[in-house]
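The values are calculated or read from the model by the stated rules, or taken from the named source; none is laboratory data. All figures in this text were calculated on a predicted structure; none of them were measured in a lab. Note that we place each Cβ from the backbone using ideal geometry, even for glycine, and neighbour counts take in every protein chain shown. Accessible surface is based on the protein model in full, side chains and every heavy atom, while ligands, DNA and RNA are left aside. Shrake-Rupley method; radii C 1.70, N 1.55, O 1.52, S 1.80 Å.
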Amino acid sequence: VQLQACGGGLVQSGGSLRLSCTASGTIFRLNGMGWYRQAPGKRREFVAHITTTGGVPNYADSVKGRFTISRDNIKNTVYLQMNSLKPEDTAVYYCNALQIIPPSDYWGQGTLVTVSS
């Protein structure tokens with residue numbers, strides 16, 4: 001499985017960005033896709049996750065109400081719409097794909113989001 005993420009950039013505080021991540025390869029076993037982020041000097045943290053078969057998406061408390069994760073199963077793409085961005089959202093955002101059987105974890109290359117104050 002290969003993940004290609006894009007959509008990062010520089011935005012002012014209060015602005016919006018949309019990230020996208022497209023999966024390719026042997027994807028039929030994937031159970032969910034999501035986003036993590038890593039700010040400078042900090043550990044990678046969970047942002048949002050959505051299953052491939054439906055269900056309520058999960059969000060980190062820090063982004064609830066501002067970020068929305070969605071998917072397009074035809075395009076094998078997951079999106080992260082980020083609104084009301086804050087400087088503390090500045091980080092490299094990584095796309096993640098989860099497979100349960102057999103257990104596997106896939107990562108994209110990361111896309112940088114910078115929010116200026």
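Rolling a 1.4 Å probe over the protein heavy atoms gives the chain an accessible area of 54 Å² per residue. For region 14-63, carbon and sulfur atoms together expose 50% of the accessible surface, with a 1.4 angstrom probe and every protein chain in place. Within the chain, DSSP assigns beta bridges of which about 90% are antiparallel (rounded to the nearest 5). With contacts taken as Cα pairs under 8 Å at a separation of at least 6 residues, the chain carries a relative contact order of 37 percent. Largest to smallest in accessible area, the residues Arg71, Arg29, Arg43, Arg37 fall in the order Arg43, Arg29, Arg71, Arg37 (1.4 Å probe, all protein chains included). Remark on the chain: Cys6 stand apart, with no other cysteine beta carbon under 4.7 Å.
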